[in-house]
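Taken together, the values in this text are just the output of simple stated rules run on the coordinates, not laboratory data. Please read all numbers here as calculations on a predicted model, not as lab measurements. Here the Cβ positions follow ideal geometry from the backbone for every residue, glycine too, while neighbour counts run over all protein chains shown.
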Amino acid sequence: MEILEGSKGLIRRLRNPVVTIGNFDGVHLGHQALFQETVHRARKTSGEAVALTFHPHPLKVLRPEAPVKLICTWEDKVELIRRAGLDILIWFRFNQNFARISAEDFVSQYLVKMLGTKTLVVGYDYAFGRGRKGNIDFLKEAGERFGFEVVVVPPQKIDGLVASSTKVRELVAAGEVSTVKKILGRFYQIRGVVIPGHGRGGRLLGIPTANLRIPGDELYPRVGVYAVQVIVGDRCYGGVMNIGFNPTFANGDLSAEVHIFDFSQDIYGQEIKINLIERLRDERKFSSAEELARQIRADIEVARKILAREAGAMASACLEELKAAAS
């Protein structure tokens with residue numbers, strides 16, 4: 001997949017481009033339906049499948065006082081779009097000047113003049129441009145004037161829930177990671193670099209952990225204990241993770257501590273990925289380190305049973321991660 005910033009690097013006319021446009025935060029099943037339709041129509045016309053997106057997320061610029069909490073990093077989003085089989089990803093740097101572009105100008109300057117769009121694929125509720133005036137009715141009228149087809153993809157419903165980035169954020173914040181998986185079509189994942197902890201896991205509790213710092217201004221799951229899959233380099237492991245504030249030791253800072261099963265490597269400074277499989281319990285304060293250690297051992301036993309039940313899905317997730325790392 002080619003990745004281009006705006007019109008930079010676009011030195012040729014695209015071949016019968018079929019274009020989809022959106023923020024695509026989380027690349028959930030609704031977004032994946034857009035990509036599938038885009039690729040399908042591009043292949044039927046020997047065209048090129050193109051996605052347009054924005055960075056940073058527009059709401060981080062338009063509402064800096066209450067910025068949106070992103071489901072995945074920019075790097076994750078690009079990788080997930082790559083996996084969808086698109087030919088080209090074009091991203092626009094979103095700032096206040098870009099925000100002032102009208103829907104009419106965006107269509108004429110970018111979709112028509114820059115790309116030569118033949119077919120535009122959008123979600124049922126998509127709107128863009130200054131004042132979000134570029135809605136479905138506007139696009140259909142513009143398509144008639146400029147000669148491109150507009151295809152509207154209906155909402156994707158899973159167990160009665162409409163797949164949307166807003167719903168994913170709500171579910172993650174509530175710790176409902178099993179339901180999140182249904183909407184994303186994959187496990188919800190966090191990632192981070194392993195940092196030195198307080199040394200309590202192995203020394204005091206006899207249960208070594210890898211510690212990650214979690215930015216408080218980004219999306220993170222409801223504090224508590226989770227059964228997880230951990231991707232370290234080219235291997236995948238089971239584990240149990242606590243995300244929270246360590247009330248037993250009164251640390252105060254939000255952090256994630258993951259005990260990786262059957263693992264003893266030194267991974268300080270390495271980035272690891274953590275797939276959240278199922279939430280086990282709330283975080284709580286214990287009266288002593290011994291009581292906490294007993295609870296963690298009980299959590300480990302429960303987590304192992306859950307991971308055994310999810311072995312097939314975890315194997316598929318591991319294979320996807322390793323394929324992406326090798327590409």
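Just a few scattered comments:
- In order through segment 73-85: 3J(HN,Hα) via Karplus (6.51 cos²θ - 1.76 cosθ + 1.60), integer Hz, x for Gly, Pro: 6, 4, 4, 5, 4, 4, 5, 5, 5, 4, 5, 6, x
- Other residues with beta-carbon under 11 Å from the beta-carbon of Ala163 carry, at +1 per Lys or Arg and -1 per Asp or Glu, a net charge of +2.
- Local electrostatic count at Arg13 - Lys and Arg +1, Asp and Glu -1, tallied over other residues with Cβ under 15 Å: +1
- Among beta bridges identified by DSSP and lying wholly in segment 2-158, the antiparallel ones come to about 0 percent.
- Within the shell of other residues whose beta carbon sits under 15 angstrom from the beta carbon of Glu144, the net charge comes to -1, with Lys and Arg scored +1 and Asp and Glu -1.
- The label point for Phe98 and the one for Ile195, both projected 7 Å from the Cα toward the Cβ, are 2.9 nm apart.
- Cα centroid separation, segment 258-316 to segment 150-183 (Å): 26
- Computed over the chain with a Gaussian network model linking Cα atoms closer than 10 Å, the most mobile of Arg294, Arg222, Arg213 is Arg294.
- At 1.306 mPa s and 10 °C, Stokes diffusion of segment 187-326 via Kirkwood alpha-carbon radius, µm² per second: 104
- Binned Cα-Cα distances of segment 108-186, short to long, each 10 Å bin given as a whole percent: 16, 36, 24, 20, 3
- Tensor-based shape of segment 2-158 (alpha-carbon gyration tensor, a/c under 1.5 rounded, otherwise prolate or oblate): rounded
- Helix 29-44 axis, angle to the chain major axis (alpha carbon atoms, nearest 10°): 40
- Gaussian network model of the chain, Cα within-10 Å springs - most flexible of Arg15, Arg132, Arg284: Arg132
- Share antiparallel - DSSP beta bridges, the chain, percent rounded to 5: 60
- Taking 0.36 nm per residue of sequence separation and removing the Cα-Cα distance, the Phe261/Lys113 pair yields an extension gain of 47.8 nm.
- For Tyr188, the residues whose modelled amide H falls within less than 5 Å of its own, excluding neighbours fewer than 5 places apart on the same chain, are Lys181, Leu276.
- Around the Cα centre of the chain, unit charges on the Cβ atoms of Lys, Arg, Asp and Glu (plus for the first two, minus for the last two) sum to a dipole of about 540 debye.
- With all pairs of different C-alpha atoms in the average, the Kirkwood value for the hydrodynamic radius of the chain is 21.6 Å.
- q = 0.19, 0.27, 0.30, 0.34 Å⁻¹: log10 I(q)/I(0) that the Debye formula gives for segment 283-327, counting C-alpha atoms only: -0.69, -0.89, -0.97, -1.06
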